[in-house]
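Worksheet: one structure, shown below.
The values are calculated or read from the model by the stated rules, or taken from the named source; none is laboratory data. Predicted model, so just to flag it, every value in this text is computed and none were measured. With ideal geometry, Cβ positions are generated from the backbone for all residues, glycine too; neighbour counts draw on all protein chains shown.
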Amino acid sequence: MAFLRVIPILYVASCSLAVVKENFKTCEQSSFCRRLRGFKAEVSPYQLDLTDLLVTDNALETKLINTETNSHFKVSLSAVHGDIFRIQVDEVMGLYPRYNPQYALNGEPQPAKLRVVDKSKEHITVQYSDNKATLHAKPFKVEFVKDDNLVAVLNSRGLFHFEHYRTRPTESENEVEHQKIEDPGAWEENFKSHHDSKPKGPSGIAVDITFPGAMRAYGLPEHADKLPLRTTNGGEPYRLYNLDVFEYEVDSPMAIYGAVPVLYAHSPKHTVGFFWHNAAETWIDITNSKDENVMSSLVNLVSGSKESSVSAHFISESGIMDMFVLMGPKPRDAVKQYASLTGVAPLPQYFTLAYHQCRWNYNDQDDVTSVVANFDIHDMPVDIMWLDIEYTDGKKYFTWDPVKFPNPDEMVNNLTSTGRKLVVIIDPHIKREAGYFLHEDAVANDYYVKNKDGTVYEGWCWPGSSSYLDFYDPKVVDYYKGLYAFDKFKGTTDDVYIWNDMNEPSVFNGPEITMPKDCIHHGNWEHRDIHNEYALSHTIGTFKGLVERSPTRRPFILTRGHFAGSQRYTAMWTGDNAADWSHLAISYAMCASEALGGISFCGADIGGFFGNPDMELLQRWYQAAVWLPFMRAHAHIDTRRREPYLFSEDVKNRVRIALRLRYAHLPLWYTLFYEHETTGEPVIRPLFYEFPEEAEVLDIDNEILVGNAVLARMIAEPGVSTISVYLPGGPTEQWYDIEDFKMYQGGTHNIPVSLDKIVAFYRGGNIIARKDRPRRSSSLMHNDPFTLYVALDNKQTASGTLFVDDHASFEYRAKKYLYLHLEYADNTLTSNLIDKTDYPTKEWVERVVIFKPPPGVKAATLTSKTLGTVDLEVAYTREHKALVIRKPGVNIREPFSIKLY
């Protein structure tokens with residue numbers, strides 16, 4: 001939620017719904033970006049001293065010298081389990097310590113053994129499995145080889161640069177951070193230190209990395225941009241700096257709410273990743289061969305002609321250099337390697353994957369009750385109601401408005417009695433009001449972020465004058481997590497969950513609408529050092545609070561600001577989008593990019609946060625949102641009410657169908673999130689992830705894969721009657737329209753569409769478990785039977801998985817679950833347990849639907865231990881597109897087989 005109604009005149013909203021770019025820096029206005037982007041050394045002055053070398057079982061360490069300044073640095077290269085190299089560079093006896101992010105990594109990476117295979121005065125080569133890394137001394141350069149193929153080169157362009165702290169900065173470096181009155185929009189950094197009387201000098205770092213043979217670059221979320229990264233030479237670099245960007249524009253490399261500094265360079269032959277482990281403001285230039293003709297590039301690559309490549313130039317304001325090279329070789333490998341470093345999302349509660357209804361703001365507790373009742377009256381499912389900031393007493397978090405929400409316990413009980421949950425917002429800014437318990441405690445116990453002079457920092461946010469909790473202080477986190485206890489946050493129960501917004505952090509009167517960089521956090525770290533990590537530190541405190549409050553329930557938290565590793569604690573959404581076709585169109589690309597960055601639990605506000613969507617856009621948005629992991633409708637306080645039951649019967653029916661389709665697929669979503677936690681594979685995937693050798697998929701981002709079984713193509717253009725869909729895999733791949741079961745081979749297809757059409761396909765070779773009985777909430781579906789959809793491939797085989805547990809607790813980690821392997825071959829469907837675990841479910845198989853079935857089937861028999869052998873009814877659908885097996889009646893808890901005759 002952005003700052004539409006803020007008092008300061010700098011932020012008066014316009015009616016045109018367009019970002020005010022003057023509020024935010026360009027690279028040229030950022031002194032460190034301008035300096036380091038302009039750094040061009042004919043020959044890199046950085047050289048390794050390989051005579052001073054320390055080699056251990058999993059790492060080597062040596063000295064790096066800037067021959068122009070005689071500055072000394074320490075370089076280490078280590079092997080990390082899972083085909084990963086790590087390179088770290090830091091000053092030797094630096095004047096000040098440099099920051100390394102505290103929370104992004106999921107523990108210390110597991111070391112792997114490496115050995116020296118070649119060494120001279122000019123270079124040293126180490127090998128780990130089928131990976132090699134060669135450090136060249138003069139000039140400093142690192143080459144990475146996989147299976148004897150050069151896949152990445154660090155500092156091949158000589159852009160490596162490490163600004164070291166000096167006792168006295170030059171006059172031009174001692175610049176002003178806040179907006180200059182005489183030059184609006186031009187900010188410059190203030191390097192004066194809070195540590196002591198000595199001012200710091202510039203501390204920027206930069207490196208280039210080149211990926212020979214790569215054709216595309218992906219990653220670097222969060223940006224409202226296409227999935228393949230653009231070439232930025234001559235334009236603005238991609239910026240990673242968490243910001244509250246009001247009315248952000250699409251097709252832009254501008255920074256918005258999140259910053260995940262991981263990049264993937266891909267070609268049909270190889271994929272390699274690069275993780276820049278840094279929390280400071282970062283700019284990245286991309287040179288990407290996507291600007292060449294796709295097919296000619298592919299031909300050249302295969303024939304050995306002029307090789308394509310991708311290169312990136314990373315520039316950060318401060319910190320050490322900590323870099324991970326993810327050696328692939330496929331997209332799946334590189335993404336899982338990144339997940340092994342920063343972690344995965346824990347299995348969410350089942351209800352979180354259902355439909356969420358939100359607005360800024362529902363008026364009062366009667367309004368909340370009425371909305372849910374109307375969903376029931378109009379036969380539309382909903383699981384979660386959300387409350388924005390107006391539920392609080394004067395924007396004081398952990399309180400309730402005594403007039404609008406006088407009995408929150410009653411409201412929550414009304415919701416839970418119908419199987420629904422509640423989410424309320426808690427932001428990091430704290431109202432500076434005498435008598436407000438949280439502010440009084442924060443002042444008394446020194447919990448707030450400081451100014452550089454040691455006084456408490458005051459900014460302006462929703463409550464007016466506000467201060468910000470310093471989540472880098474362990475005592476603050478300990479205090480904050482306790483605020484979620486039921487005796488502290490009265491009116492809440494196990495069924496109330498949390499929304500952390502505005503945590504970039506948003507400061508309405510701050511530079512670039514955020515906290516000044518010279519503010520001080522616990523440990524004497526400047527805000528410039530930790531900025532992109534602040535939201536993560538906030539959500540960690542919330543996560544700990546929910547776990548301690550309800551130790552048997554998995555937490556649910558939604559965040560806007562996020563960083564590498566946020567997936568371990570929260571879901572996220574794409575922020576304050578607009579009721580515009582372009583914002584619908586970009587939602588798949590944004591969430592696919594987040595998934596590559598480890599954050600699968602992603603969604604975009606249905607209908608757009610700002611503005612009033614027309615009915616066609618609203619319907620298309622619901623249809624597209626079915627296939628993103630987080631499905632929420634949300635709207636600005638000044639928009640018209642748009643709960644889906646308010647519209648005409650035609651509109652209501654289309655939204656109802658979309659919602660029911662989402663609920664039918666909840667077993668698939670739930671299984672995929674379990675497999676994400678256990679394997680690191682993203683829940684949603686761009687097409688190149690599953691089909692890395694197809695050049696045709698490299699630029700497609702209006703289609704998305706749900707696991708490997710479902711392909712969805714959004715309709716994000718008004719008034720269309722036909723759309724083009726590319727189905728990957730070539731002529732041997734079979735795809736089935738989920739509505740009429742029509743089979744398509746891989747390739748490009750023109751498909752007629754009406755307003756009723758949801759374009760999605762099951763991939764041949766997969767078995768998808770669904771729950772097709774309509775219910776008003778997911779909690780009422782828990783004991784409902786399954787229908788198994790068997791989409792046969794060209795070999796008449798298929799397989800799939802299904803995960804079942806109690807939907808809410810951590811008991812699955814104690815082996816209390818069922819994890820099934822479903823397989824169809826030789827006209828027989830079988831189900832067996834993958835793990836030797838158990839869960840006493842009542843769920844059973846109601847139907848089996850086989851697409852493109854074998855001809856002439858007259859009957860089927862089921863065999864299981866409990867039921868013995870049972871004859872089943874079978875019938876072909878019209879045109880023989882599918883065969884339906886009725887009422888097998890077997891509990892999924894036991895293995896079974898169904899044979900066709």
Inset, instruction - Sort out for me the helices (runs of 4 or more DSSP H) sitting completely within segment 330-444 that have 1 or more residues that are in contact (Cβ under 8 Å) with a residue 60 or more places away in the chain and on the phi > 0 side of the Ramachandran plot. - result: none
Inset, instruction - Mind telling me which of the residues P682, P644, P686 ends up being farther than 30 Å from M215 by Cα, surrounded by 24 or more Cβ atoms within 10 Å (Cβ to Cβ) and modelled with pLDDT of 95 or more? - result: P644
Inset, instruction - Specify the residue that is surrounded by the most Cβ atoms within 10 Å (Cβ to Cβ); the eligible residues are those in segment 37-92 that are among the aliphatic types (A, V, I, L, M), at pLDDT 95 or above and within 15 Å of F162 (Cβ to Cβ). - result: L48
Inset, instruction - Being out of contact with any helix residue (DSSP H, G or I) (no Cβ under 7 Å at 6 or more places or on another chain) and either more than 14 Å from R34 (Cα to Cα) or in contact (Cβ under 8 Å) with a residue 12 or more places away in the chain (or both) is the filter here, so list the residues in segment 227-236 that pass it. - result: L229, R230, T232, N233, G235, E236
Inset, instruction - Tell me, yes or no, whether segment 626-635 has at least one residue that is part of a helix (DSSP H, G or I) and either crowded, with 24+ Cβ neighbours inside 10 Å or modelled with pLDDT under 95 (or both). - result: no
Inset, instruction - Select from segment 122-167 the residues that are part of a loop (DSSP other than H, G, I, E, B), in contact with a Ser or Thr (Cβ under 7 Å, 6 or more places away or on another chain) and either farther than 21 Å from S311 by Cα or hydrophobic (A, V, I, L, M, F, W, C) (or both) and list them in ascending order. - result: F140, F160, E163, H164, Y165
Legend entry - Odd one out for E28, checked against (1) modelled with pLDDT of 95 or more; (2) of a type outside the set (A, V, I, L, M, F, W, C); (3) within 21 Å of K74 (Cα to Cα): (3)
Inset, instruction - Look at segment 797-823 and say how many of its residues are within 22 Å of I768 (Cβ to Cβ) and either outside any loop (DSSP other than H, G, I, E, B) or small (G, A, S) (or both). - result: 14
Inset, instruction - Report, by residue number, each residue of segment 481-513 that is without any contact (Cβ under 8 Å) to a residue 60 or more places away in the chain and of a type in the set (G, A, S). - result: G510
Inset, instruction - Could you pull out the residue among P718, P682 that is farther than 26 Å from D805 by Cβ, touching a residue at least 60 places away in the same chain (Cβ under 8 Å), in contact with a helix residue (DSSP H, G or I) (Cβ under 7 Å, 6 or more places away or on another chain) and part of a loop (DSSP other than H, G, I, E, B)? - result: P718
Inset, instruction - Quickly run through segment 426-471 and pick out the residues that are under 29 Å from the mean Cα position of the chain (by Cα) and of a type in the set (V, I, T). - result: I426, I430, V449
Legend entry - Selected residue (criterion: nearest to A354 (Cα to Cα)) from residues of segment 781-800 that are surrounded by fewer than 20 Cβ atoms within 10 Å (Cβ to Cβ) and under 29 Å from the mean Cα position of the chain (by Cα): H782
Legend entry - Count - residues of segment 464-496 that are among the β-branched types (V, I, T), closer than 21 Å to V412 by Cα and buried (at least 20 other Cβ atoms within 10 Å of the Cβ): 2
Inset, instruction - Name every residue in segment 66-86 that is in a loop (DSSP other than H, G, I, E, B) and under 24 Å from the mean Cα position of the chain (by Cα), in order of residue number. - result: H81, G82, D83
Inset, instruction - Mind listing just one residue for me: the one in segment 241-286 that is within 20 Å of M572 (Cβ to Cβ) and of a type in the set (S, T, Y) and, of those, surrounded by the fewest Cβ atoms within 10 Å (Cβ to Cβ)? - result: S252
Legend entry - Residue, nearest to Q567 (Cα to Cα), within segment 70-119, restricted to residues that are hydroxyl-bearing (S, T, Y) and in contact (Cβ under 8 Å) with a residue 60 or more places away in the chain: Y103
